[in-house]
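Input: a single structure, listed below in structure tokens.
The values are calculated or read from the model by the stated rules, or taken from the named source; none is laboratory data. Since we're looking at a predicted model, the values are computed, not measured. Here Cβ is always computed from backbone atoms with ideal geometry, including for glycine, and neighbour counts include all displayed protein chains. Accessible surface is based on the protein model in full, side chains and every heavy atom, while ligands, DNA and RNA are left aside. Shrake-Rupley method; radii C 1.70, N 1.55, O 1.52, S 1.80 Å.
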Amino acid sequence: VFGHFSLRSEWQLVKVDYKSIFSRRCNKDDYQTWHLHNQGEPCVMGERKIYKKRKPGAQCSLGRDYSQTVVSEPCVCSQGDFECDYGYERHSNNQCVPAFWFSPSSLSKDCSIGQSYLNSTGYRRIVSNNCTDGLQEKYMAKMEKCPGKAPRGLHILTTDGKLVTEQGHNATFIILMEEGDLQRTNIQLDFGDGIAVSYANFSPVEDGIRHVYKSAGIFQVTAYAENSLGSDTAVLFLHVVCPVEHVHLSVPFVAIRNKDVNITAVVWPSQAGTLTYFWWFGNSTKPLITLESSISYTFAMEGMNTVTVQVSAGNTLIQDTKEIAVHEYFQSQLLSFSPNLDYHNPDIPEWRQDIAKVIKRALAQVTGIPDEQILVAVFPGLPTSAELFILPYKNTTERRKSSEADLEQVVEILFNALNQNLVQFELKPGVEVIVYVTQLTLAPLVDSSTGHSSSAMLMLLSVVFVGLAVFLIYKFKRKIPWINIYAQVQHDKEQEMIGSVSQSENAPKITLSEFTDPEELMDKELDTRVMGSISTIANSESTKEIPNCTSV
């Protein structure tokens, strides 16, 4: 230890001999007592301390065994020795009361009947405070018996906090209860898929309850807690999804303006659970959102319209886009092909699109019809089939009647070319494919107006009248003399001709009525081809239903 004194005398520093001043050790007469206080209060942190220090002017040195504290004794506990306990706050009256978010009864939620717990009074002694007696007994927590409580505040949630899980993966549920005897409360958890588990208390469910869902869907998970004093229930709706892998947008190739069009999104796998569909039509920036895979929409603008669908399943989002040609009217016809095309059909979308372009080019080259008026769509599956759409020429909506007549001429040209087997294309060297008309009649002109309804009704009545006449003739033919005479004469002529032609009695007898007229034979052969083609299409395992010359 070293130091110095500054004695200024006439601004001169005078050296002092410190060695002579501190040459002796301090004795008890050189000390005086000093009370530690806080603004006059002798008790600090619940304790009264008296220190001794060297008197002013005492020139002595302190020894190694010097101790500053002479007296240290605890004080009687006062209100200043306590602070508000957890969950309590001090109000203006200096009292600790429960905070708005705190429930004092929650202290006993983990307590079972027969046990004890410390029930807070709202106060606790300040840390490191050494006071005794006084208010200590009043403010210290009291040991109380655990009260029996009915379950209250039951909650169920997943470990990751999400309400979506994948099919085949573990879903872990956590059950929480705000009040109730955890050791004497029965727990039952129903997973919503026909499986439920029960536990005698909360001990086995502290780490969560695991379950694997084997199917997709929305499941109501219900937790039920019960003891002798009451019960409580909690519900959670869990979405179990199967990741979708592919979506196919099924739309008509051509639609009528201002007419409803049904559009369907086919999702694989089909059992993907709850899906959300987002639909965009044309240049719209805001989607239509549905939970159904089908939607009905009306196109107001002619031309090519784009349809886009996005399918959301959990964290997976996939989409598909298609185009629809929208017109005031059109005609359609099913097409079939020579069998050699089936041997080279890989049944993939890209191949179908390329073949449709080739057929369209072949039709345009043979007939001279502009490409804008022809649309060909090849259907998936075998045998290979397609649909031909004959569209009105551009900018002809204003002169509607003349456009319809022009369209009829185009249809007749295409029909003649197809019936004469003039439409052919080379698939690859040595493989020539012929395009046929699947049916003999074209689809009626598709129109958005109602003017043709009376014509259709008149045609229907004519057919009914002719059918009724045929039925009456057949029913009462015996009462009409000229029918019987004609039938008898024809029978006699057939017998005479058979007699002259027959060479022997053993030879088979064939009447003229059994021979087929050449024109009838040609019709039957064509009918056989058409019906065979239609039958093959109906029996094929194609995933798409082929329309039959119908209007939209």
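Charged neighbours of residue 365, selected by a Cβ distance under 14 Å, balance to +1 (K, R count +1; D, E count -1).
Taken about its Cα centre, region 243-328 carries a charge dipole of about 120 debye when Lys and Arg each add +1 at the Cβ and Asp and Glu each add -1 at the Cβ. When the surface is traced with a 1.4 Å probe over the full set of protein chains, residue 268 keeps roughly 150 Å² accessible.
Apply the a/c threshold of 1.5 to the C-alpha gyration tensor of region 108-153 and tell me whether it is rounded, prolate or oblate. Here region 108-153 falls in the prolate category. Could you sort out which of 259/357; 357/428; 259/322; 49/142 sit more than 24 Å apart by Cα distance in this structure? Result: 259/357; 49/142 exceed 24 Å. Counting only protein heavy atoms and a 1.4 Å probe, region 252-339 has 49 square angstrom of accessible area per residue. Ligands, DNA and RNA are left out, and with a 1.4 angstrom probe the accessible area of region 152-241 is 52 Å² per residue. To put it simply, the accessible area of region 82-146 at a 1.4 Å probe is 52 percent carbon and sulfur. Ranked by solvent-accessible area (1.4 Å probe, protein heavy atoms only, all chains present), the residues 34, 101 order from largest to smallest as 101, 34.
Suppose the chain between residue 462 and residue 197 were pulled fully straight at 0.36 nm per residue; how much longer would it get relative to their current alpha carbon spacing?
On the way: separation 265, 0.36 × 265 = 95.40 nm, distance 7.18 nm.
Answer, rounded to one decimal: 88.2 nm.
Available extension along the chain between residue 338 and residue 421 is 28.8 nm, counting 0.36 nm per residue and deducting the alpha carbon span. Heavy-atom accessible surface of region 82-146, averaged per residue, reaches 63 Å², computed with a 1.4 Å probe. Rounded, prolate or oblate: pick one for region 82-146, where a ≥ b ≥ c are the square roots of the eigenvalues of its C-alpha gyration tensor, a/c under 1.5 means rounded, and failing that, prolate if a/b is larger than b/c, else oblate. Oblate, because a/c is 1.5 or more while a/b does not exceed b/c.
Report, to the nearest whole %, how much of the accessible area of region 218-340 belongs to carbon and sulfur atoms, 1.4 Å probe, protein only.
52
Which is farthest toward the positive dipole end of region 152-241 among 183, 169, 199, measuring Cα position about the Cα centre, with Cβ charges +1 (Lys, Arg) and -1 (Asp, Glu)? Projecting each Cα onto the dipole axis, the largest value belongs to 169. Summary of the geometry: region 275-300 and region 20-65, compared by the centres of their Cα atoms, lie 91 Å apart.
Counting only heavy atoms of the protein chains and using a 1.4 Å probe, residue 144 has close to 70 Å² of accessible surface.
Would region 194-233 count as rounded, prolate or oblate if I go by the C-alpha gyration tensor, calling it rounded below 1.5 in a/c and otherwise prolate when a/b exceeds b/c, oblate otherwise? Taking the square roots of the gyration eigenvalues as a ≥ b ≥ c, region 194-233 is oblate. Charging the Cβ of each Asp and Glu at -1 and of each Lys and Arg at +1, and nothing else, the dipole of region 82-146 about its Cα centre rounds to 60 debye.
The calculated FRET efficiency for the pair residue 229 and residue 141, based on their C-beta separation and a Förster distance of 25 Å, comes to about 0.50.
Region 336-367 and region 165-234 have Cα centres separated by 60 Å. Counting only protein heavy atoms and using a 1.4 Å probe, the accessible area of residue 210 comes to about 150 Å².
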